[in-house]
Structure formats: structure tokens, C-alpha cells
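Here the structure is laid out as C-alpha cells; the discussion comes afterwards.
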Amino acid sequence: MVNAGGSGASSYPMHTNIVSTTFWVGEIFNASLADGSQVCSTYDGQWAFSHTGVNLGTTPDSADGCPGSIYGGCDGVSTGTGTNFACKTEKRDASNGFFPKSQPTPLQNPFYLDLPYDDVNDSTAFKERCQVIPWAAADNAATGVNHCADSNYSYMKNSWVKITGPNGNTCYGQIEDAGPSSGSLYHDSNFVFGSNDARPANTQFSGDSSQGAGMDVSPALNGCLGFASLDGDSDHVSWQFVDKASVPAGPWLNVVTTSGVNW
């Protein structure tokens, strides 16, 4: 069932012609990098398990990426166990609302993405977040608690983004991680919150020589937006934040993520 939603209207700044790549829960992008695995996210040390409920074991404490995290959850096609475990992406389509084709129904929203602003673990972003995140004050008022100095609370996680893809479709997703980033830059407030349609500070992970990638989207969003590649670096999108109440009906509302920071 598709839940009722809002109008899709947004007053937040529009970001146009931004390179987006694709990532997915359970992916091991680069095992030698501390941020090279989607078994965990910057907001959830057990992201793969939280998203799927699947437990095939625990990543060794000696691992560079996501040590101690439960592995086995995969927003795609999984094979193998232990050191042979692999999680690959898959093509999604509207026949089942762009949900996984070879996995159980996810426990969290399969329409997820990241932007290069980590308001919990990046010290610069954490320090400035209540000055630059447009909805921080309203969030504090709504919860009745000022979370600005609370490192166990994120203003970014679960926030909604409106994205228009190569096929002209507009789809919606929730922020569940931070990136893409060149090195340790996870506080790109000029790109993420600015009103001048800036390019990302990141200069990597892009097939467009004029700019680096500014967003990663999930397989569900990849399919919904009509990306040319399942795991490429040359698709472009336009995006803007959107308030939760304005998110319109669509498969992105069938399973909504509400969990907080989990580390």
C-alpha cells in the first residue's frame, strides 16, 4: 500500500546537475578504507543488520571498515559467508516499487542516500550544525530539547531529499549516511546548504571532469531516477531538501526509517 503524502513543494535551495553515484547497504566498496564499507554507516554501527535483520556473523575487530559490525544484510544480491561474503547491487524497477528483488522486505526505507555533511562524527560539522542546518531550530522546538551539543543525535539522519533524475522522474529518499568525500571532508556546508548552486568540495568518484560526486543514492533511487548505470559515476541529478510533511505519496513512504544514531 502506498501511504498518503504531501504536495512535494519545497522552499529549500535547488542544486542542479550534480553527479550522483550509487551505494547500497552491505556493499564493501573498499575494504582497505575505514569508510569503505556500507555494513555500517556514519550514523548506525549496525546499518546492514538494522536495515535487513540478517545476521551471518560479525566483522573482525581488526577490520579497517566497520569492525564489530554484524554483516550479512544486503540491499541487493548476496553470496557467500565469512571472508567470502559479497553484496552486489541489482537493477530495480516499478513492478514492485523499486524494492529488492532477491531479499526480504527491508526493515528500513530502501529509498536512501547520503550527502557530504556528517553532523555527528565530523568535528567541524558537529560544531556548526545548529548554525547551518536550516531545520535545526525547528527540530529542537518540535522535540522540546536542544540537541545541538548532543553527539548521540543527528539532524541529518532520516531527513528527506527531493531528487529529479536523468529520466525526468522526481523521487524522494531519506539521508542515512554521509558522503561522498575526498579524504576527511564531511562538512561541505557550502554545497549541502548553500543557495548558490555550488559544486561539491569533493573532487573524486566522478566521470564528469568539471566536478566530483555530490551524492550517493540507493538501488531503489537509482532505478526510480533512471540512472544509466547500476554502479556508475556519470549520472546527474537535481536535488533539494524537502520537509517530511511535504513528501508526496510513493513507494518511498511504504517503509520509513525513524531510528536514531546507533553506535
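The values are calculated or read from the model by the stated rules, or taken from the named source; none is laboratory data. Small disclaimer: the values here were computed from a predicted structure and weren't measured. Here Cβ is always computed from backbone atoms with ideal geometry, including for glycine, and neighbour counts include all displayed protein chains.
Residue count for the range 153-201 under the criterion of being part of a strand (DSSP E or B) and polar (S, T, N, Q): the result is 3. Per this entry, D177 is counted among residues that are in contact with a helix residue (DSSP H, G or I) (Cβ under 8 Å, 6 or more places away or on another chain), farther than 19 Å from Q131 by Cβ and not β-branched (V, I, T). Scanning the range 50-89 for residues that are of a type in the set (G, A, S) and without any contact (Cβ under 8 Å) to a residue 40 or more places away in the chain turns up G57, S62, A63, G65, G68, S69, G80, G82. Considering the conditions (1) under 21 Å from T203 (Cα atoms); (2) assigned to a loop (DSSP other than H, G, I, E, B); (3) not charged (D, E, K, R), V237 is excluded by exactly one of them, (2).
Of the residues examined, P104 is one that is within 21 Å of P251 (Cβ to Cβ) and modelled with pLDDT under 95. Give the residue that is surrounded by the most Cβ atoms within 10 Å (Cβ to Cβ), with candidates limited to residues of the range 56-101 that are among the hydroxyl-bearing types (S, T, Y) and under 21 Å from the mean Cα position of the chain (by Cα). Top of the filtered list is Y71. For the range 176-190, state whether one or more residues are touching a Leu at 6+ places or on another chain (Cβ under 6 Å), touching a residue at least 12 places away in the same chain (Cβ under 8 Å) and either buried (at least 20 other Cβ atoms within 10 Å of the Cβ) or not hydrophobic (A, V, I, L, M, F, W, C) (or both). No - not one qualifying residue is present in the range 176-190. What do you reckon, is R92 of a type in the set (K, R) and closer than 23 Å to V237 by Cα? Yes, satisfied. When the range 242-252 is filtered for residues that are surrounded by fewer than 20 Cβ atoms within 10 Å (Cβ to Cβ), of a type in the set (A, V, I, L, M, F, W, C) and in a helix (DSSP H, G or I), only A245 remains. Taken together, the residues in the range 1-46 that are of a type in the set (V, I, T), modelled with pLDDT of 95 or more and assigned to a loop (DSSP other than H, G, I, E, B) amount to 2. Per the listing R92, R129, the residue uniquely closer than 23 Å to A213 by Cα, among the charged types (D, E, K, R) and without any contact (Cβ under 8 Å) to a residue 40 or more places away in the chain is R129. In this structure, A141 does satisfy being under 22 Å from S246 (Cβ atoms) and surrounded by fewer than 22 Cβ atoms within 10 Å (Cβ to Cβ). Evaluation of D139 against the conditions (1) in a loop (DSSP other than H, G, I, E, B); (2) free of Cβ contacts under 8 Å to residues at least 40 places away in the same chain; (3) closer than 27 Å to P248 by Cα; (4) not hydrophobic (A, V, I, L, M, F, W, C) shows that the sole unmet condition is (1).
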